[in-house]
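Contents: one structure, followed by commentary.
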Amino acid sequence: MATSSATVTTVIFLLVTLSASYITSALRPTLGACQASGYLPGKAGHCERSNDPDCCEDGKRYPQYHCSPPVTSSTKAVLTLNSFEKGKDGGGPSECDNAYHSDEEMVVALSTGWFKNMARCGHRIKITANGNSVYAKVVDECDSVYGCDDEHNYEPPCQNNIVDASPAVWNALGLDQNVGELAITWSDVTVAIFLLVTLSASYITSALRPSFGTCQASGYLPGKAGHCERSNDPDCCEDGKRYPQYHCSPPVTSSTKAVLTLNSFEKGKDGGDPSECDNAYHSDEEMVVALSTGWFKNMARCGHRIRITANGNSVYAKVVDECDSVYGCDDEHNYEPPCQNNIVDASPAVWNALGLDQNVGELAITWSDGDN
(Lines give C-alpha, C1' and ligand atoms only; values in the text may rest on other atoms or scores of the structure.)
Protein backbone atom coordinates (compact mmCIF):
# COMPACT_ATOMS: atom_id res chain seq x y z
CA MET A 1 0.00 0.00 0.00
CA ALA A 2 2.95 2.35 0.60
CA THR A 3 3.84 2.30 -3.09
CA SER A 4 0.29 3.11 -4.15
CA SER A 5 0.10 5.96 -1.63
CA ALA A 6 3.25 7.43 -3.11
CA THR A 7 1.65 7.24 -6.55
CA VAL A 8 -1.42 9.20 -5.45
CA THR A 9 0.80 11.73 -3.65
CA THR A 10 2.86 12.19 -6.80
CA VAL A 11 -0.28 12.83 -8.83
CA ILE A 12 -1.44 15.47 -6.39
CA PHE A 13 1.94 17.23 -6.34
CA LEU A 14 2.04 17.29 -10.14
CA LEU A 15 -0.75 19.87 -9.84
CA VAL A 16 1.64 22.15 -8.01
CA THR A 17 4.43 21.68 -10.55
CA LEU A 18 2.31 22.42 -13.62
CA SER A 19 3.96 25.34 -15.36
CA ALA A 20 2.50 28.76 -14.64
CA SER A 21 2.34 29.47 -18.34
CA TYR A 22 0.07 26.48 -19.04
CA ILE A 23 -2.26 27.25 -16.16
CA THR A 24 -2.41 30.90 -17.16
CA SER A 25 -3.16 30.09 -20.80
CA ALA A 26 -5.94 27.74 -19.79
CA LEU A 27 -7.47 30.18 -17.33
CA ARG A 28 -7.39 33.11 -19.75
CA PRO A 29 -10.44 33.34 -22.05
CA THR A 30 -9.48 33.06 -25.73
CA LEU A 31 -10.06 36.68 -26.65
CA GLY A 32 -8.98 36.23 -30.27
CA ALA A 33 -11.95 34.01 -30.96
CA CYS A 34 -14.31 35.16 -28.24
CA GLN A 35 -14.35 38.62 -26.68
CA ALA A 36 -16.38 39.89 -23.76
CA SER A 37 -19.76 41.20 -24.89
CA GLY A 38 -20.16 43.45 -21.86
CA TYR A 39 -19.60 43.79 -18.12
CA LEU A 40 -21.95 42.92 -15.24
CA PRO A 41 -21.98 45.20 -12.18
CA GLY A 42 -21.30 43.13 -9.06
CA LYS A 43 -23.84 42.76 -6.28
CA ALA A 44 -22.98 40.95 -3.04
CA GLY A 45 -25.49 38.62 -1.37
CA HIS A 46 -25.81 35.28 0.44
CA CYS A 47 -23.17 33.14 -1.29
CA GLU A 48 -23.11 29.47 -0.21
CA ARG A 49 -19.40 28.68 0.23
CA SER A 50 -19.22 24.88 0.52
CA ASN A 51 -16.80 24.59 -2.44
CA ASP A 52 -15.04 27.93 -1.82
CA PRO A 53 -16.66 29.80 -4.74
CA ASP A 54 -15.65 33.24 -6.01
CA CYS A 55 -18.48 35.38 -4.60
CA CYS A 56 -19.61 38.69 -6.10
CA GLU A 57 -18.43 42.00 -4.68
CA ASP A 58 -20.46 45.19 -4.76
CA GLY A 59 -19.40 47.52 -7.55
CA LYS A 60 -16.91 45.17 -9.18
CA ARG A 61 -17.36 44.71 -12.96
CA TYR A 62 -17.41 41.13 -14.30
CA PRO A 63 -16.90 40.26 -18.00
CA GLN A 64 -19.78 38.56 -19.83
CA TYR A 65 -19.33 36.05 -22.66
CA HIS A 66 -21.90 34.67 -25.09
CA CYS A 67 -19.21 32.55 -26.75
CA SER A 68 -16.53 29.99 -25.88
CA PRO A 69 -13.36 28.77 -27.64
CA PRO A 70 -13.88 26.27 -30.50
CA VAL A 71 -14.39 22.66 -29.44
CA THR A 72 -11.75 20.23 -30.75
CA SER A 73 -10.70 16.67 -29.97
CA SER A 74 -8.64 18.13 -27.10
CA THR A 75 -10.25 21.39 -25.98
CA LYS A 76 -8.31 23.32 -23.35
CA ALA A 77 -10.45 24.23 -20.36
CA VAL A 78 -10.46 24.84 -16.62
CA LEU A 79 -12.02 22.22 -14.35
CA THR A 80 -13.79 23.75 -11.37
CA LEU A 81 -15.61 22.14 -8.47
CA ASN A 82 -19.36 22.46 -7.98
CA SER A 83 -22.10 20.73 -6.03
CA PHE A 84 -25.35 20.19 -7.93
CA GLU A 85 -27.20 19.24 -4.74
CA LYS A 86 -30.05 21.33 -3.36
CA GLY A 87 -28.89 24.08 -1.00
CA LYS A 88 -25.26 23.83 -2.12
CA ASP A 89 -23.20 26.27 -4.21
CA GLY A 90 -24.73 25.20 -7.53
CA GLY A 91 -27.69 27.56 -6.99
CA GLY A 92 -30.99 26.57 -8.66
CA PRO A 93 -31.81 23.18 -10.21
CA SER A 94 -29.82 22.07 -13.25
CA GLU A 95 -31.06 23.72 -16.43
CA CYS A 96 -31.21 20.57 -18.56
CA ASP A 97 -33.66 18.63 -16.39
CA ASN A 98 -34.80 21.12 -13.73
CA ALA A 99 -33.45 18.72 -11.09
CA TYR A 100 -30.71 18.54 -8.48
CA HIS A 101 -27.96 15.92 -8.69
CA SER A 102 -26.08 14.02 -6.01
CA ASP A 103 -22.39 14.75 -5.40
CA GLU A 104 -21.87 11.10 -6.33
CA GLU A 105 -23.15 11.61 -9.89
CA MET A 106 -20.70 12.16 -12.76
CA VAL A 107 -22.17 15.45 -14.01
CA VAL A 108 -20.89 18.80 -15.28
CA ALA A 109 -21.96 22.30 -16.29
CA LEU A 110 -20.38 24.01 -19.31
CA SER A 111 -19.71 27.66 -20.07
CA THR A 112 -22.49 29.34 -22.07
CA GLY A 113 -20.83 29.06 -25.48
CA TRP A 114 -20.10 25.35 -25.03
CA PHE A 115 -23.54 24.71 -23.51
CA LYS A 116 -24.96 25.83 -26.88
CA ASN A 117 -28.42 26.83 -25.66
CA MET A 118 -29.01 23.34 -24.16
CA ALA A 119 -27.82 21.51 -27.30
CA ARG A 120 -25.33 19.49 -25.21
CA CYS A 121 -27.89 18.60 -22.51
CA GLY A 122 -27.68 14.93 -21.63
CA HIS A 123 -24.62 14.39 -23.80
CA ARG A 124 -21.49 12.92 -22.32
CA ILE A 125 -18.09 14.54 -22.61
CA LYS A 126 -14.64 13.05 -22.09
CA ILE A 127 -12.50 14.89 -19.52
CA THR A 128 -8.75 14.32 -19.34
CA ALA A 129 -6.45 15.39 -16.50
CA ASN A 130 -2.98 14.19 -15.57
CA GLY A 131 -3.19 11.29 -18.01
CA ASN A 132 -6.54 9.98 -16.72
CA SER A 133 -9.84 10.29 -18.59
CA VAL A 134 -13.45 9.94 -17.45
CA TYR A 135 -16.87 10.55 -18.94
CA ALA A 136 -19.49 12.84 -17.43
CA LYS A 137 -22.97 13.99 -18.40
CA VAL A 138 -23.81 17.62 -19.18
CA VAL A 139 -26.72 18.70 -16.97
CA ASP A 140 -26.32 22.44 -16.58
CA GLU A 141 -24.93 25.72 -17.88
CA CYS A 142 -22.08 27.54 -16.18
CA ASP A 143 -23.58 30.90 -17.04
CA SER A 144 -21.01 33.20 -18.66
CA VAL A 145 -23.50 36.07 -19.09
CA TYR A 146 -25.52 36.43 -15.89
CA GLY A 147 -24.71 36.12 -12.18
CA CYS A 148 -24.49 38.02 -8.88
CA ASP A 149 -28.04 37.01 -7.94
CA ASP A 150 -29.77 34.35 -5.87
CA GLU A 151 -30.23 32.00 -8.86
CA HIS A 152 -26.47 31.99 -9.39
CA ASN A 153 -25.54 31.80 -5.66
CA TYR A 154 -24.29 35.41 -5.89
CA GLU A 155 -21.34 34.22 -7.94
CA PRO A 156 -20.12 36.18 -10.97
CA PRO A 157 -20.58 34.95 -14.54
CA CYS A 158 -18.32 32.02 -15.42
CA GLN A 159 -15.34 32.52 -17.65
CA ASN A 160 -15.87 31.19 -21.16
CA ASN A 161 -13.68 28.09 -20.74
CA ILE A 162 -15.13 26.30 -17.72
CA VAL A 163 -16.07 22.66 -17.12
CA ASP A 164 -17.77 22.88 -13.72
CA ALA A 165 -17.72 19.35 -12.33
CA SER A 166 -19.27 17.44 -9.44
CA PRO A 167 -17.10 15.98 -6.65
CA ALA A 168 -17.62 12.54 -8.25
CA VAL A 169 -15.77 13.69 -11.38
CA TRP A 170 -12.85 15.00 -9.34
CA ASN A 171 -12.72 11.76 -7.35
CA ALA A 172 -12.89 9.57 -10.47
CA LEU A 173 -9.93 11.48 -11.90
CA GLY A 174 -8.00 11.03 -8.66
CA LEU A 175 -7.78 14.79 -8.09
CA ASP A 176 -7.48 16.78 -4.88
CA GLN A 177 -10.67 18.82 -4.48
CA ASN A 178 -8.81 21.37 -2.34
CA VAL A 179 -7.03 22.57 -5.49
CA GLY A 180 -10.34 24.04 -6.67
CA GLU A 181 -9.44 24.51 -10.33
CA LEU A 182 -7.19 22.71 -12.75
CA ALA A 183 -6.18 22.98 -16.40
CA ILE A 184 -7.68 20.06 -18.36
CA THR A 185 -8.82 19.08 -21.82
CA TRP A 186 -12.22 17.80 -22.91
CA SER A 187 -14.02 16.59 -26.02
CA ASP A 188 -17.46 15.58 -27.19
CA VAL A 189 -18.34 11.90 -27.20
CA THR A 190 -20.05 11.73 -30.56
CA VAL A 191 -19.53 8.07 -31.32
CA ALA A 192 -20.11 5.27 -28.83
CA ILE A 193 -16.84 3.64 -27.87
CA PHE A 194 -17.40 0.16 -29.08
CA LEU A 195 -13.72 -0.81 -29.21
CA LEU A 196 -14.93 -3.73 -27.12
CA VAL A 197 -15.95 -5.40 -30.34
CA THR A 198 -12.44 -5.14 -31.72
CA LEU A 199 -10.73 -6.62 -28.66
CA SER A 200 -9.24 -9.91 -29.75
CA ALA A 201 -11.04 -13.03 -28.62
CA SER A 202 -7.77 -14.44 -27.33
CA TYR A 203 -7.26 -11.50 -24.95
CA ILE A 204 -10.83 -11.71 -23.64
CA THR A 205 -10.50 -15.46 -23.16
CA SER A 206 -7.19 -15.19 -21.31
CA ALA A 207 -8.61 -12.55 -18.98
CA LEU A 208 -11.78 -14.50 -18.30
CA ARG A 209 -9.89 -17.69 -17.48
CA PRO A 210 -8.84 -17.95 -13.82
CA SER A 211 -5.06 -18.15 -13.31
CA PHE A 212 -4.77 -21.81 -12.47
CA GLY A 213 -0.96 -21.67 -12.28
CA THR A 214 -1.07 -19.73 -9.03
CA CYS A 215 -4.63 -20.27 -7.84
CA GLN A 216 -6.54 -23.50 -8.31
CA ALA A 217 -10.14 -24.32 -7.39
CA SER A 218 -10.43 -25.51 -3.80
CA GLY A 219 -13.68 -27.35 -4.46
CA TYR A 220 -17.01 -27.28 -6.26
CA LEU A 221 -20.38 -25.95 -5.08
CA PRO A 222 -23.55 -27.86 -6.09
CA GLY A 223 -25.93 -25.47 -7.85
CA LYS A 224 -29.35 -24.61 -6.43
CA ALA A 225 -31.82 -22.50 -8.38
CA GLY A 226 -33.92 -19.83 -6.64
CA HIS A 227 -35.26 -16.29 -7.01
CA CYS A 228 -32.48 -14.51 -8.93
CA GLU A 229 -32.96 -10.75 -9.43
CA ARG A 230 -32.01 -10.18 -13.08
CA SER A 231 -31.70 -6.39 -13.43
CA ASN A 232 -28.10 -6.61 -14.68
CA ASP A 233 -28.50 -9.95 -16.48
CA PRO A 234 -26.59 -12.04 -13.91
CA ASP A 235 -25.51 -15.65 -14.34
CA CYS A 236 -28.09 -17.42 -12.15
CA CYS A 237 -27.52 -20.81 -10.51
CA GLU A 238 -28.88 -23.98 -12.08
CA ASP A 239 -29.94 -27.06 -10.10
CA GLY A 240 -27.29 -29.76 -10.11
CA LYS A 241 -24.59 -27.75 -11.90
CA ARG A 242 -21.17 -27.72 -10.18
CA TYR A 243 -19.45 -24.34 -9.70
CA PRO A 244 -15.72 -23.94 -8.90
CA GLN A 245 -14.78 -22.31 -5.59
CA TYR A 246 -11.66 -20.18 -5.05
CA HIS A 247 -10.08 -18.96 -1.82
CA CYS A 248 -7.33 -17.22 -3.79
CA SER A 249 -6.88 -14.74 -6.65
CA PRO A 250 -3.99 -13.94 -9.03
CA PRO A 251 -1.18 -11.75 -7.59
CA VAL A 252 -1.86 -8.01 -7.56
CA THR A 253 0.57 -5.95 -9.64
CA SER A 254 0.66 -2.41 -11.00
CA SER A 255 -1.48 -3.69 -13.89
CA THR A 256 -3.49 -6.67 -12.68
CA LYS A 257 -5.52 -8.41 -15.38
CA ALA A 258 -9.16 -8.84 -14.39
CA VAL A 259 -12.71 -9.01 -15.67
CA LEU A 260 -15.01 -6.04 -15.06
CA THR A 261 -18.60 -7.11 -14.38
CA LEU A 262 -21.71 -5.03 -13.73
CA ASN A 263 -23.49 -5.02 -10.39
CA SER A 264 -26.01 -2.90 -8.54
CA PHE A 265 -25.30 -2.37 -4.86
CA GLU A 266 -28.78 -0.92 -4.25
CA LYS A 267 -31.34 -2.62 -2.02
CA GLY A 268 -33.48 -5.15 -3.86
CA LYS A 269 -31.15 -5.31 -6.85
CA ASP A 270 -28.83 -8.10 -8.00
CA GLY A 271 -26.12 -7.29 -5.44
CA GLY A 272 -27.98 -9.30 -2.80
CA ASP A 273 -27.39 -8.33 0.83
CA PRO A 274 -25.79 -5.06 2.06
CA SER A 275 -22.12 -4.52 1.25
CA GLU A 276 -19.82 -6.44 3.55
CA CYS A 277 -17.47 -3.55 4.35
CA ASP A 278 -20.04 -1.19 5.85
CA ASN A 279 -23.25 -3.27 6.03
CA ALA A 280 -24.92 -0.67 3.79
CA TYR A 281 -26.41 -0.39 0.32
CA HIS A 282 -24.91 1.98 -2.25
CA SER A 283 -26.51 4.04 -5.00
CA ASP A 284 -25.92 3.13 -8.65
CA GLU A 285 -24.38 6.61 -8.92
CA GLU A 286 -21.56 5.78 -6.47
CA MET A 287 -18.14 4.71 -7.75
CA VAL A 288 -17.91 1.42 -5.85
CA VAL A 289 -16.74 -2.14 -6.51
CA ALA A 290 -16.64 -5.64 -5.07
CA LEU A 291 -13.51 -7.78 -5.46
CA SER A 292 -13.05 -11.55 -5.73
CA THR A 293 -12.37 -13.25 -2.39
CA GLY A 294 -8.58 -13.48 -2.79
CA TRP A 295 -8.27 -9.79 -3.71
CA PHE A 296 -10.77 -8.76 -1.02
CA LYS A 297 -8.28 -10.16 1.51
CA ASN A 298 -10.74 -10.77 4.34
CA MET A 299 -11.87 -7.10 4.28
CA ALA A 300 -8.30 -5.72 4.22
CA ARG A 301 -9.13 -3.62 1.12
CA CYS A 302 -12.41 -2.26 2.55
CA GLY A 303 -12.71 1.47 1.96
CA HIS A 304 -9.56 1.61 -0.16
CA ARG A 305 -9.64 2.98 -3.67
CA ILE A 306 -8.45 1.04 -6.69
CA ARG A 307 -7.56 2.35 -10.13
CA ILE A 308 -9.40 0.65 -12.99
CA THR A 309 -8.20 0.97 -16.58
CA ALA A 310 -10.18 0.07 -19.71
CA ASN A 311 -9.66 1.13 -23.33
CA GLY A 312 -7.01 3.65 -22.29
CA ASN A 313 -9.19 5.38 -19.67
CA SER A 314 -8.69 5.14 -15.91
CA VAL A 315 -10.97 5.89 -12.96
CA TYR A 316 -10.86 5.37 -9.21
CA ALA A 317 -13.49 3.44 -7.24
CA LYS A 318 -13.93 2.43 -3.62
CA VAL A 319 -13.96 -1.19 -2.45
CA VAL A 320 -17.16 -1.82 -0.45
CA ASP A 321 -17.88 -5.52 -0.88
CA GLU A 322 -16.63 -9.00 -1.66
CA CYS A 323 -17.47 -10.81 -4.88
CA ASP A 324 -17.64 -14.14 -3.10
CA SER A 325 -15.56 -16.77 -4.90
CA VAL A 326 -16.41 -19.52 -2.38
CA TYR A 327 -20.12 -19.37 -1.61
CA GLY A 328 -23.25 -18.70 -3.68
CA CYS A 329 -26.51 -20.18 -4.98
CA ASP A 330 -28.46 -18.86 -1.98
CA ASP A 331 -30.62 -15.87 -1.13
CA GLU A 332 -27.68 -13.89 0.32
CA HIS A 333 -25.91 -14.13 -3.05
CA ASN A 334 -29.04 -13.57 -5.19
CA TYR A 335 -28.88 -17.24 -6.24
CA GLU A 336 -25.80 -16.49 -8.31
CA PRO A 337 -22.83 -18.87 -8.37
CA PRO A 338 -19.49 -18.05 -6.72
CA CYS A 339 -17.49 -15.40 -8.58
CA GLN A 340 -14.46 -16.36 -10.59
CA ASN A 341 -11.20 -15.46 -8.88
CA ASN A 342 -10.41 -12.46 -11.12
CA ILE A 343 -13.50 -10.25 -10.87
CA VAL A 344 -13.89 -6.50 -10.29
CA ASP A 345 -17.66 -6.23 -9.86
CA ALA A 346 -18.47 -2.56 -10.50
CA SER A 347 -21.43 -0.24 -10.10
CA PRO A 348 -23.10 1.38 -13.14
CA ALA A 349 -21.32 4.65 -12.22
CA VAL A 350 -17.92 3.01 -12.82
CA TRP A 351 -19.02 1.70 -16.22
CA ASN A 352 -20.37 5.14 -17.14
CA ALA A 353 -17.24 6.94 -15.98
CA LEU A 354 -15.15 4.66 -18.21
CA GLY A 355 -17.48 5.32 -21.15
CA LEU A 356 -18.43 1.64 -21.41
CA ASP A 357 -21.57 0.02 -22.78
CA GLN A 358 -23.32 -1.71 -19.86
CA ASN A 359 -25.02 -4.11 -22.26
CA VAL A 360 -21.65 -5.81 -22.80
CA GLY A 361 -21.85 -7.09 -19.22
CA GLU A 362 -18.19 -8.06 -18.81
CA LEU A 363 -14.92 -6.71 -20.13
CA ALA A 364 -11.20 -7.45 -19.82
CA ILE A 365 -9.52 -4.67 -17.80
CA THR A 366 -6.55 -4.02 -15.55
CA TRP A 367 -6.54 -2.64 -12.02
CA SER A 368 -4.14 -1.65 -9.29
CA ASP A 369 -4.28 -0.46 -5.71
CA GLY A 370 -5.03 3.26 -5.54
CA ASP A 371 -4.57 4.65 -2.04
CA ASN A 372 -4.90 3.94 1.61
(Q) So, in region 356-372, how many residues would count as being among the polar types (S, T, N, Q) and either open to solvent by less than 40 Å² (accessible area, probe 1.4 Å) or assigned to a loop (DSSP other than H, G, I, E, B) (or both)? (A) 3
Q) Does any residue in region 330-343 that is touching a residue at least 60 places away in the same chain (Cβ under 8 Å) come within less than 8 Å, Cβ to Cβ, of a residue that is part of a loop (DSSP other than H, G, I, E, B) and aliphatic (A, V, I, L, M) six or more places away or on a different chain, and which pairs are these? A) 335/225; 338/326
**Q.** Scan of region 300-318 for residues that are out of contact with any helix residue (DSSP H, G or I) (no Cβ under 6 Å at 6 or more places or on another chain) and either of a type in the set (Lys, Arg) or at positive phi (or both), ordered by number
**A.** 301, 303, 305, 307, 312, 318
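Counting just the residues of region 341-355 that are open to solvent by less than 10 Å² (accessible area, probe 1.4 Å) and either in a strand (DSSP E or B) or among the aliphatic types (A, V, I, L, M) (or both), which one comes out farthest from residue 169 (Cα to Cα)? Quick ask: steps written out before the conclusion?
First, the residues of region 341-355 that are open to solvent by less than 10 Å² (accessible area, probe 1.4 Å): 341-342, 344, 346-347, 349-351, 353-355.
When the remaining residues are screened for being either in a strand (DSSP E or B) or among the aliphatic types (A, V, I, L, M) (or both), the result is 344, 346, 349-350, 353-354.
Details: 344: 20, 346: 16, 349: 11, 350: 11, 353: 8, 354: 11 Å.
Looking at residues that are open to solvent by less than 10 Å² (accessible area, probe 1.4 Å) and either in a strand (DSSP E or B) or among the aliphatic types (A, V, I, L, M) (or both), I get 344.
State the number of residues belonging to region 118-142 that are within 18 Å of residue 63 (Cβ to Cβ) and touching a helix residue (DSSP H, G or I) at 6+ places or on another chain (Cβ under 6 Å). Break it down stepwise before answering.
Here is the first cut: in region 118-142, the ones within 18 Å of residue 63 (Cβ to Cβ) are 141-142.
Keeping just the survivors that are touching a helix residue (DSSP H, G or I) at 6+ places or on another chain (Cβ under 6 Å) gives 141.
Count: 1.
Step by step: first the residues of region 215-224, then only those that are assigned to a loop (DSSP other than H, G, I, E, B), out of contact with any Asp or Glu (no Cβ under 9 Å at 6 or more places or on another chain) and open to solvent by less than 50 Å² (accessible area, probe 1.4 Å), then the one that is modelled with the lowest pLDDT. Which residue is that? Steps first, please.
Just the residues of region 215-224 that are assigned to a loop (DSSP other than H, G, I, E, B), to begin with: 215-218, 223-224.
Keeping just the survivors that are out of contact with any Asp or Glu (no Cβ under 9 Å at 6 or more places or on another chain) gives 215-218.
Remaining after also requiring open to solvent by less than 50 Å² (accessible area, probe 1.4 Å): 215, 217.
Working: 215: 82, 217: 85.
By that ranking, first place goes to 215.
The values are calculated or read from the model by the stated rules, or taken from the named source; none is laboratory data. Because the structure is a prediction, the values reported are computed rather than measured. Cβ atoms come from the backbone with ideal geometry, glycine included; neighbour counts cover every protein chain shown. Heavy atoms of the whole protein, side chains included, go into the accessibility calculation; ligands, DNA and RNA do not. Shrake-Rupley method; radii C 1.70, N 1.55, O 1.52, S 1.80 Å.
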